[in-house]
Structure formats: C-alpha cells, structure tokens
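Novice: Input: one structure, supplied below.
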Amino acid sequence: MGTSIVKVGDLFQITLSDNRKAIGHYVYWDDKNGPFIQVFNYFFDKEEVIIEKAIESSYMFPPVISGLRAAVRNGLWPVIGRKPVINFSYPNFISSHWNDKTGEVINWFLYNGTEFIRLGSVLPEDYKNFGYLVVWSPFDVIYRIETGNIPFPYGDMIKNNRFTPIIQRPK
C-alpha cells in the first residue's frame, strides 16, 4: 500500500532499531492536536506481515499524538492495511507549566479533549500513567515501543516533577 495519504483506520509498519517490526494503528483525528496512534503488542521480523495476528493482540500503550502524516509521507512508516476503529474513547492527557529558571513544575493539568483541569504543583500518583499532551516524533514512538518508557524529557518530568531541557539530557 505505502501511500502518503493516511486515513483513520490505516495500519502502518514501524521498523525498530533491531530490524524487528511493529504495527501501528491510526485510531483518531483530533482537529486541535492531530493524529492519534496506537501500537499493537506484536512484533515480527520476516518480510511477510501477518496483520491478523497483530490485530488480535492488545495495544502496547494508550493513544499518543504523533507525526504520523510526515512519517508515512517520507516512507518511514508505510501503510500496510486497514482495520476500522470502533468505539474510540478520547484518552486523558497530562500537561504542565514549569518555572523556566528552576525547571520546577508550577502546575499540572489534566486534559480530557475539551478542557484543562488544574491538578496542583505535584502530579498525583493516579495520573502518572497518563500520556503527556505532546506530539511525539516517530523516533519517540519507536523509543517507547522498544523500552516501554515515556521519552525524555516528559517521562523524567513526570517522575521528578521537574523539567530538564534537552541540552541537559542525562546519559
């Protein structure tokens, strides 16, 4: 398929750093934030893709907002099939404001698709597994698939309640 026009329901192939492949699913278009994707908890390493096996598995993590269109257009994530999306539920996301000088988070927010709800200066434990409201690059999605971790700096910010600029990225 490998088309540059991507539609909700499309399945796309994600090649990982060890050449295994995963299958992503374009699950929702948000007029404010862009395409939402999910990745099936299924890997393969042969050229023959068995889509049926992938779509029988669960998703690895909640929906994330991604640079899907650019990844498809540039051939990084070729479209390989379709699976209709049924009963999509808009996920909750967290967001924050931080002090530019200290990096300390000033306020955490819950975003439910329509409004931001203030949570306070410390992120409650119950919210730490929610996605961070940011557009993930294709490489951040690959990192999440391979490690299970939320990409830097957002995973660290959730854990430490402090924003660390990328120029200070830990090794």
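Novice: Tally Lys and Arg at +1 and Asp and Glu at -1 over the other residues with C-beta under 11 Å from the C-beta of Gly103: what net charge comes out?
Specialist: -1
Novice: Taking the 0 to 90 degree range and rounding to the nearest ten, how far is the long axis of helix 138-147 tilted relative to the main principal axis of the chain, both from C-alpha atoms?
Specialist: The angle comes out near 90 degrees.
Novice: Let me check against my output: what whole-number percent is the relative contact order of the range 1-103, with C-alpha pairs under 8 Å and at least 6 apart?
Specialist: 34
Novice: Run down the lysines and flag those whose C-alpha is under 19 Å from the C-alpha of Lys83, throwing out any fewer than 8 positions away in its chain.
Specialist: Straight-distance partners of Lys83: Lys7, Lys21, Lys53.
Novice: So for the pair Ser95, Asn41, with labels modelled 7 Å out along Cα→Cβ, what separation do we get in nm?
Specialist: 3.0
Novice: Once you place label points 7 Å from the Cα toward the Cβ at Arg73 and Lys53, how far apart are they in nm?
Specialist: According to this spin-label approximation, the distance is 3.4 nm.
Novice: Something else: The list [x] 1.84; [y] 1.22; [z] 1.08 gives values of Cα Rg over 2.2 N^0.38 Å, and only one came from this structure; which label was calculated from it?
Specialist: [z]
Novice: Between Asp30 and Asn107, with labels modelled 7 Å along Cα→Cβ, what's the label distance in nm to one decimal, could you check?
Specialist: With each label point 7 Å from Cα toward Cβ, the separation is 1.9 nm.
Novice: Of the GluC sites (Glu not before Pro) in the range 1-99, which ones lie in a loop per DSSP and count no more than 15 other C-beta atoms within 10 Å?
Specialist: In loop regions of the range 1-99 (DSSP not H, G, I, E or B), the sparsely surrounded GluC sites (Glu not before Pro) are Glu47, Glu48.
Novice: Further question on the same structure: Test of the criteria: in the range 81-122, which trypsin sites (Lys or Arg not before Pro) are in a DSSP loop and have at most 12 other Cβ atoms within 10 angstrom of their Cβ?
Specialist: Within the range 81-122, the qualifying trypsin sites (Lys or Arg not before Pro) (loop, at most 12 other Cβ atoms within 10 Å) are Lys101.
Novice: Kindly state, to the nearest 0.05, the FRET efficiency for Tyr127 paired with Phe88, given R0 = 25 Å and r defined as their beta-carbon distance.
Specialist: So the FRET efficiency works out to roughly 0.75.
Novice: Could you grab the relative contact order for the range 40-171? Cα pairs under 8 Å, six or more apart, rounded to a whole percent.
Specialist: In percent, rounded to a whole number, it is 21.
Novice: Another one. Please identify which residues in the range 58-75 have an amide N closer than 12 Å to a label point set 7 Å out from the Cα of Thr15, following the Cα→Cβ vector.
Specialist: 75
Novice: Looking at the range 66-171, which GluC sites (Glu not before Pro) are in a loop (DSSP not H, G, I, E or B) and have at most 11 other Cβ atoms within 10 Å?
Specialist: Those that pass, being in a loop and sparsely packed, are Glu115.
Novice: Run down the lysines and flag those whose C-alpha is under 18 Å from the C-alpha of Lys159, throwing out any fewer than 8 positions away in its chain.
Specialist: Lys159 reaches Lys128, Lys171.
Novice: Something else about it: Add +1 for every Lys or Arg and -1 for every Asp or Glu among the other residues with Cβ under 14 Å from the Cβ of Ile55, and state the total.
Specialist: 0
Each value in this text was obtained by applying a stated rule to the coordinates, not by laboratory testing. On a predicted model such as this, the values are computed, not experimentally measured, just so you know. Cβ atoms come from the backbone with ideal geometry, glycine included; neighbour counts cover every protein chain shown.
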